[in-house]
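Rule-based calculations on the coordinates, nothing more; no lab input. Owing to the predicted nature of the structure, the values given are computational and were not obtained by experimental measurement. Don't worry about glycine lacking a Cβ; one is built from the backbone with ideal geometry, like all the others, and counts go over all protein chains shown.
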Amino acid sequence: MKRRNFGRVLAAGSFSAITAGCEKSPTPQKTEEKPKKMALMHVGCQSGGTSKRNLEFKARHGVYHIDGGSPRTIDGVGWDLDDSLAMKEACEQYGISLEAYHLPLTSDGIDNVGIPNIMLGKSPERDREIEIIQQMIEVTGKSGIRLLNYNTTILPILRTGRTPDPTRGGATYSTWNYQEALKRNEPKTIAGDVSVDEIFERITYLLDRILPVAEEWKVQLGNHIADPPTHIGYRGITRWNSPAVFDGIKRFAQLYDSPYHGFNLCIGSVGEGLKDPKTEIIPIIQWIGGRKQIFNVHFRNIKGGWDNFMEVYPDNGDMDFYEAAKAFRDVEYPYMLMPDHAPQHPAEGAGDQAFAFAYGYIKALIQAVNSEVV
C-alpha cells in the first residue's frame with residue numbers, strides 16, 4: 001500500500017474509533033472544586049485580666065478575644081455592673097472582645113472557695129449562693145458578654161509535683177502521678193464521701209435554677225471538667241467525669257437540651273483521663289462539637305494520660321494539635337482556643353514568654369488548617 005493511502009486509511013480508522021467512543025460515553029461533566037471549610041475559631045486567653053499592661057500585651061501578640069476573669073464583687077450581692085461595663089470598655093480601646101467571665105465556682109476545690117455550699121449540697125445555704133450566681137448572670141447579660149465559665153468540683157486540681165525538661169531550657173511541667181499521690185495519704189475534704197450520683201444531683205440542683213436565667217439573658221454556661229479525672233472514691237470523691245471521662249461528658253451534656261448548656265472544653269484535662277489521648281481526643285471533640293456544646297476551649301497539651309501525665313508545651317505533647325485544630329474547624333467551632341496552664345521557669349518574664357509562644361503556635365495552626373481544601 002502506498003504511503004499516502006495508508007495515511008488515509010489510518011486517519012479514517014482513528015476517526016471511526018474516536019466517534020465510536022463518543023457514542024458509547026457521554027460527555028464528561030466538569031467537576032466542581034470543593035470549597036474550603038474555613039476555621040471560625042480564634043486565639044484567646046483567660047490570664048491577666050483587663051489591666052492596661054495585660055491588654056497591651058494581648059494586642060501586641062494578636063490576641064483580640066479574652067476571658068476577663070470577673071468584675072468587682074459586692075459582698076452578699078454579686079458583681080458590680082458598672083465595673084463590668086468599665087472592663088468591657090477598657091478592652092474595646094484595644095480592639096479586644098471581652099467574651100467571658102469566670103463564676104466563683106472554681107477549680108480550687110470545696111475547701112478554698114467562697115461559695116462552698118452549692119457543691120456541698122447544703123440547703124438552705126446553697127440557695128443563697130445560687131441567688132448570687134443568678135445576679136452574676138444578669139450582670140453578664142447586661143454587659144453583652146456571651147459566656148460564663150465555671151467548675152463543679154469538690155477536690156481541687158490534683159498534682160504531685162513538677163518535672164524539669166532540660167531539652168526546653170530547664171522549663172518545668174506540672175505533673176500528676178496517681179501512685180505517688182496514694183503514698184501521701186492526703187485527707188478527705190469537708191465534703192466527706194460523695195458518689196458520682198450525688199455530684200450530679202448537686203449539679204442539676206444548681207443548673208435547674210441558673211440555666212433559665214442564662215437563657216433569659218442569653219449567656220452561655222461552660223463547665224470545665226474536674227482536673228484530672230481519677231479513680232472512684234479517691235479521697236472520698238468520685239468526680240463526675242471519672243473514671244470514664246467520655247461517659248461523664250456525655251452524661252453532663254445530655255442533662256439539658258439548651259443552647260446555653262455546654263462546656264469550657266479543656267482538652268488537656270480530658271486527655272488526662274484517656275489511655276491514648278492522641279487517638280481518643282478527636283472523637284470527643286467531634287461528639288461535643290456536633291452537638292454545638294463547646295463554648296470555650298483550653299488548648300493545652302500533655303505527655304502521658306490516665307494516672308500519670310505532665311502538662312507541656314503545645315508542640316511537644318502526645319496529642320497531635322494539628323489534627324485537633326482540624327477537628328475544631330470541621331465541627332465549625334466559632335470561639336476561643338486559649339492556652340491555659342503554661343510551663344514555668346524562674347527566669348524573669350518566662351510566664352509571659354510561655355503564653356506568647358502558645359499564642360503564636362495557635363495562630364499558626366489556624367492558618368494551617370485554613371489552607372486545606374476539605
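Which length gain, in nm to one decimal place, applies between Val77 and Tyr322 when the Cα-Cα distance is subtracted from 0.36 nm times their residue separation?
Between Val77 and Tyr322, full extension yields an extra 83.8 nm.
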What's the extension gain from Lys52 to Glu180 if we count 0.36 nm per residue and subtract their Cα-Cα distance? 41.9 nm
What net charge do the residues around Arg235 carry, taking every other residue with its C-beta under 9 Å from that of Arg235, with Lys and Arg at +1 and Asp and Glu at -1? 0
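Expressed as a fraction of 2.2 N^0.38 Å, the rule-of-thumb size for a compact globular protein of N residues, what is the C-alpha radius of gyration of the range 225-370?
With N residues counted in the range 225-370, Rg over 2.2 N^0.38 Å equals 1.05.
To the nearest 20 debye, what charge dipole does the chain have about its Cα centre, counting +1 at the Cβ of each Lys and Arg and -1 at the Cβ of each Asp and Glu? Don't skip to the answer; put the middle values down first.
Values: 42 positive and 47 negative charges, 469 e Å.
Using Cβ point charges on Lys, Arg, Asp and Glu, the chain gives about 2260 debye.
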How much space per residue, in cubic angstrom, does the convex hull of the C-alpha atoms of the chain take up? 225
Which residues in the range 248-273 have a backbone N closer than 19 Å to a point placed 7 Å from the Cα of Lys292 along the Cα-to-Cβ line? 253-265
Quick calc of log₁₀ I(q)/I(0), the range 31-142, Debye, one scatterer on every Cα, no solvent, q values 0.15, 0.21 1/Å, result -0.74, -1.10
Using alpha-carbon pairs under 8 Å, 6+ residues apart, how would you state the relative contact order of the chain in percent? 18
A correct fewest-to-most ranking of Tyr335, Tyr256 by other Cβ atoms within 10 Å would be Tyr256, Tyr335
Calculate log10 I(q)/I(0) of the range 116-255 for q = 0.11, 0.19 Å⁻¹, where I(q) comes from the Debye formula with a single equal point scatterer on each Cα and nothing for solvent. -0.51, -1.12
DSSP bridge pairs, the range 39-370: antiparallel proportion in percent, nearest 5: 40
Residue order, fewest to most surrounding Cβ atoms within 10 angstrom, among Arg53, Arg329, Arg235: Arg53, Arg235, Arg329
The FRET efficiency for Lys250 and Ala368, from their Cβ-Cβ distance with R0 = 45 Å and rounded to 0.05, is 0.90
